[in-house]
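A quick write-up on the structure given underneath.
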Amino acid sequence: MKKNLLTALTLCLIGALAAGCGGKKPAAGIDVDLTALSGVMVYAEVYNMMTSPEEYLGKTIKANGSYAVTYYDKTGQYYHFVLVEDAGACCQQGLEFRWSGERVYPDEYPAENAKIELVGVYSRYELLGDTLYYLAVDELTVPG
Amino acid sequence: MTEALGRLAYYFQTFEFVRYAMVAGVLIALCSSLLGVTLVLKRFSFIGDGLSHVAFGATAVAAAMNLTDNILLVLPVTILCAVLLLRTGQNTKIKGDASLAMISVGALAIGYLIMNLFAKSANLSADVCATLFGSTSILTLSPTAVWLCAGLSALVTAVFLLFYHKIFSVTFDEDFAAATGVRAKAYNLLLAVVIAVIIVLAMNLVGALLVSALVVFPALSAMRVFKSFLSVTVCSVVMSVVCAALGILISILAGTPVGATIVAVNISGFLIFSAAGRILQRS
């Protein structure tokens, strides 16, 4: 009787694993496709990009999230970010990006907080003595 | 099902942090369930909650002090509080559960206060959320943290196996154990240290507020079906490891918070075992 019960319990657990787990395959030509990952996976991967940025240099990254912008007085420039959230929606991380071409803010950029999707190469730059990282973006879309 | 398994295979092959999370998660679940049976039987179920709040307070102090490795502060402080709670609780003016409640809420409040006053991170709510609910902590472990987790888990398991018979006797009748020559106070002290280590480890998996679930649910579930100390302990370990692994897998596939998902799986396990226990009783 106990053996039958344990078998039933195992089947229940496997069934639970199969339930409610959708998703899509990573896009071709992309090294890190954050859009193909679940919420917690995205957060963990972006956390790794922040803590071990050198490992991601030169990699093509696809990401989506909310668009955010900030103005820095010392340089007199706008800095653009895509914000990704974790599953609990309490932890948010921003990836800086630079859109290729001569684009003027705000006219040629999405509205703030708009959902955006972009593909870019992870790159490095120096700002006032600090090493910072950004996505050099060619493709940026605002999904309808 | 095939698609879910394919995605899991992709995650495990591609992302190192998923492999780290699974290894650490399974080890933590194993340790927490080993002592869970003892804690439940000694009516110390809630001590995990109190100690995890102490660990949260210590984490806040470590963050304020800018310690790179906060476990150097968190572990000794939690061990000290565990010893104080388990050993002196009955000889002080403030008795058992009252002192536990006092330390529990006090540490939580002071910890949050310190985090606010001396915040080193711009994203305070994220830090608090991750520490309290373990939303993603297990997926952001460094290799050093995984090795530390493996070492401490091996230590906890070794202590449990080496002192299994003594822990057994102290669990069921402390006075009788003392009368038969077992150094009950020394073993209680040992239990306090081991419990503190488990709590600090388990905070990474499910967060400070949910630690008790890892200690209590596997033990209570096993008690629904099995009756002897050994069988309950073995079943509790298997149940805890399976629930943690399943919780992590569901979480990374469905994108749900890791800690809460593991606890939800444990609750489901408890309900299934309760039903199984009733069926067994009837037959």
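Test residue B:6 against the stated conditions and say whether it is within 14 Å of chain A (Cβ to nearest Cβ) and either in contact with a strand residue (DSSP E or B) (Cβ under 6 Å, 6 or more places away or on another chain) or free of Cβ contacts under 8 Å to residues at least 40 places away in the same chain (or both).
Spelling it out, residue B:6 is indeed within 14 Å of chain A (Cβ to nearest Cβ) and either in contact with a strand residue (DSSP E or B) (Cβ under 6 Å, 6 or more places away or on another chain) or free of Cβ contacts under 8 Å to residues at least 40 places away in the same chain (or both).
Output the residues belonging to segment B:17-55 that are more than 16 Å from the chain's Cα centre (by Cα) and either in contact (Cβ under 8 Å) with a residue 12 or more places away in the chain or under 18 Å from residue B:243 (Cβ atoms) (or both).
Answer for segment B:17-55, where residues must be more than 16 Å from the chain's Cα centre (by Cα) and either in contact (Cβ under 8 Å) with a residue 12 or more places away in the chain or under 18 Å from residue B:243 (Cβ atoms) (or both): B:17, B:18, B:20, B:41, B:42.
Report, by residue number, each residue of segment B:270-283 that is at the interface with chain A (Cβ under 8 Å from one of its Cβ atoms) and either closer than 22 Å to residue B:245 by Cα or in contact (Cβ under 8 Å) with a residue 24 or more places away in the chain (or both).
Residues satisfying the conditions are B:272, B:273, B:276, B:280.
A quick yes/no check of all residues on (1) of a type in the set (Gly, Ala, Ser); (2) over 27 Å from residue B:143 (Cβ atoms); (3) within 9 Å of chain A (Cβ to nearest Cβ):
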{"position": "B:196", "(1), (2), (3)": "yes, no, no"}
{"position": "B:218", "(1), (2), (3)": "no, yes, no"}
{"position": "B:225", "(1), (2), (3)": "no, yes, yes"}
{"position": "B:236", "(1), (2), (3)": "yes, yes, no"}
{"position": "B:242", "(1), (2), (3)": "no, no, yes"}
{"position": "B:254", "(1), (2), (3)": "yes, no, yes"}
{"position": "B:260", "(1), (2), (3)": "yes, no, yes"}
{"position": "B:266", "(1), (2), (3)": "no, yes, no"}
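Out of segment B:198-244, which residues are hydrophobic (A, V, I, L, M, F, W, C) and outside any helix (DSSP H, G or I)?
First, pick out the residues of segment B:198-244 that are hydrophobic (A, V, I, L, M, F, W, C): B:198-203, B:205-206, B:208-211, B:213-217, B:219-220, B:222-223, B:225-226, B:229-230, B:232, B:234-235, B:237-239, B:241-244.
The one that is hydrophobic (A, V, I, L, M, F, W, C) and outside any helix (DSSP H, G or I): B:226.
Just so you know, all these numbers are worked out from the coordinates, no wet-lab data involved. This structure is a prediction, so every number in the text was calculated from the model and none was measured. Cβ sites come from the backbone with ideal geometry, for glycine too, and all protein chains shown count toward neighbours.
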